[in-house]
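The values are calculated or read from the model by the stated rules, or taken from the named source; none is laboratory data. As the structure is a prediction and not an experimental result, all values here were calculated from the model. A quick note on method: Cβ atoms are made from the backbone with ideal geometry, for glycine too, and the neighbour counts reach across all protein chains shown. Ligands, DNA and RNA are stripped out before the accessible areas are found, and what is left, the full protein with its side chains, is counted by its heavy atoms. Shrake-Rupley method; radii C 1.70, N 1.55, O 1.52, S 1.80 Å.
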Amino acid sequence: MESASQPAGKTERSWLRRVLPGIGVALLLALVWAVYSPAIHFDLLSWDDDINLQNNPHLTGISGESVKWMFTDVTYQQRYQPLAWLTWFSIYEIQGLDPFGYHLIVVLLHVASTLLVYLIALRLFQGRWSGALLAAALWSLHPMRVETTVWAVELLYAQALFFFLVSYLSYLKAHDAGSSVAGTNRWRWTSVIAFAFSLFTFPLAFGFLAVLVATDIYLLRRVPEIPREWKSESAKRVWIEKAPYVALTVLAVWLNVTSRMSATAVFMAPVPLETFGVVPRVMQAFYVWAYYLWRPLWPVDLKTVPTALIEFEPFSGVFLLSAVVVIGGTWLTFRQRQRWPALWVAWLTHLCLLVPMLGLSEHPHMTSDRYSLMVSIGWALVVAAAWGAWLEKTRLRGVPEVVALVLVTVLTVMSVRQVPFWANNFSFFNGMLEQLGEHPFRFNPLWRLGMAHHEVGQWDEGDVYLTKALELQPGDGTRRIWLADRQVDRGRTTAAWENYQRILKVNPKMPGIHFRLGHLLMETGRFEEAAKEFMVELEVSPPSMEVHIPLFMATARSGQMTKAAEQYRFIITHYQVPEPEQVRCLLAIAEGHAARGSFDKAIGIAGPLPARAVSLRMKELADEIAAKVRGWEAARNQAQPK
């Protein structure tokens, strides 16, 4: 019986070994979905989502005109991203601006990328599925992935990464041992096409060429390491293969540099060397390279707005240490490249893929979590490879598995806790304010939080945040004007008056402020004071009909008829006054006469006006004038002796 049962037991274990990798991958993908899928119910944020989606005047669905704009425009966004636009426009075509579709695509892309990372690791680890599964889990469930998975605008990164991984996996498959010529060519061109899709979704993969070269030399051993042997026929074939990648990279760099230089309507122009010199840029680059080495190892207290690079001293301790780490790490991994080729490839990948994220044309710059999306794959592979080596050599059975499980669990819990932060503008900007503390950059979330309250009709709460923001930047006249104008619209004229006056304290000659004060005074019947404000406005801004007409009206309604007559003649002589405004001007003259008790003159001027207003389809104004005329007639009759 034992001999009969033995083959059955072996068959059972063999079957289990075959299905276990699939079960592990399925469980991982289900866990990734469970962690990030709450995002499909999140709102769009007023933080880049607004520029790309909600307030994008070009987002109109799929048409010939819109497709032309996607592929030819280099002025709206500072990166060339036609395939990201194509995805967003397609979603808009289906369901408008409902956040659900935008979030769903990003989460699904992350799930798919997790599977691709596993498949790449499986090839690099020569079929050792447990290490490949750990690499995919460490990367996909890391809390630094939250930003690029639950934020709608991060489709840019998620889609670009997905095609990058397809390209790299296809490249590896193209050079499998024993592949046919047809199979090799098919996979090679799949890699090239996917690389193009990645670059033209978002320029994350400029350093991909260096990754391929390092892979050929140190992992696939297709090219000798010694440069003098690179002229051999076999090596030349490898270099010729890279021509499409070189051409695509050059084209993408040119298009993105053009976009960066041209897109200055919404974004700041690249900072000149006079403002941000070469040395600070180099030290910033060292800091960024070093930051994404240690940050994934200690993902505690992650910030949406890291402030280290907003203002910094390039020769301070942390920047000098970063330079030492990067230079020393490059020297050490190069020296040990024969012993640890995978580590050398991971290091080169880290340096090359981070080049677009160094912020060499930006100041201030930020070390955002999203910039780690691609480079963290290499380090997840290194950690998983080290874990796999430990698993094979250790005598402590079960300990490596427990360590891996604990590590993945800790990362998952950290990600789960971070996800709700991105749910809506209120959770997002309140969380950002907590992170920033008293840093001056808190102006931005304060202002946006105030705007978010306004959007849902919470006007008073919004004004509180907007006012706090303006206390940090009292010289921001444009935003204070915006706030005061909204207060006028809601009848909060006292608060608006105070804001206009605060603007004048900072800039007494700010155009438009005296004009607004004049209108506020007219609404309260203080016509003489209003006329003075309009006169000042003419001194600080170019003469225009828009100022001269209310000046005339205020003068006329205050009863200064001689001045009003002079101003009216000036207006008629110098401007082509629309007929509706002529009616209002004549009404102002009539009101001025009535204010002086000259009811007959007032009635004589205003009497024909209702008919003119009706002919201009201004019935409300006609009714208003007719009511005034009746009032003046009553006042005249009452004033006449009986």
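Miscellaneous remarks
- Cβ-Cβ contacts under 9 Å between residues 6 or more apart (or on different chains), taken from a first residue in the stretch 546-575 that is on the phi > 0 side of the Ramachandran plot and part of a helix (DSSP H, G or I) to a second residue that is of a type in the set (K, R) and open to solvent by 20 Å² or more (accessible area, probe 1.4 Å), are absent.
- Conditions (1) modelled with pLDDT of 85 or more; (2) part of a helix (DSSP H, G or I); (3) open to solvent by 40 Å² or more (accessible area, probe 1.4 Å); (4) of a type outside the set (K, R): number failed by I62: (2)
- Entry remark, the stretch 91-121: residues being part of a helix (DSSP H, G or I) and either over 28 Å from W139 (Cβ atoms) or free of Cβ contacts under 8 Å to residues at least 24 places away in the same chain (or both) number 7 in total.
- Which numbered condition R617 fails, given (1) more than 21 Å from T555 (Cα to Cα); (2) assigned to a helix (DSSP H, G or I): (2)
- Qualifying position, being in a helix (DSSP H, G or I) and in contact (Cβ under 8 Å) with a residue 60 or more places away in the chain, among V406, V402, V416, V410: V416
- The condition of being within 20 Å of D43 (Cα to Cα) and either outside any helix (DSSP H, G or I) or not polar (S, T, N, Q) (or both) holds for F426.
- Members of the stretch 313-330 found to be open to solvent by 40 Å² or more (accessible area, probe 1.4 Å) and of a type in the set (A, V, I, L, M, F, W, C), listed by number: F315, V318, L320, L321, V324, V325, I327
- The residue that is least open to solvent (accessible area, probe 1.4 Å), among those in the stretch 214-232 that are more than 21 Å from C352 (Cα to Cα) and of a type in the set (K, R), is K231.
- K628 among the basic types (K, R), closer than 23 Å to T555 by Cα and without any contact (Cβ under 8 Å) to a residue 24 or more places away in the chain: no
- Qualifying position, being open to solvent by 10 Å² or more (accessible area, probe 1.4 Å) and either at pLDDT 95 or above or touching a Pro at 6+ places or on another chain (Cβ under 7 Å) (or both), among L109, L155, L165, L161: L109
- Options G388, G359; residue that is part of a helix (DSSP H, G or I), in contact (Cβ under 8 Å) with a residue 24 or more places away in the chain, of a type outside the set (D, E, K, R) and touching a helix residue (DSSP H, G or I) at 6+ places or on another chain (Cβ under 9 Å): G388
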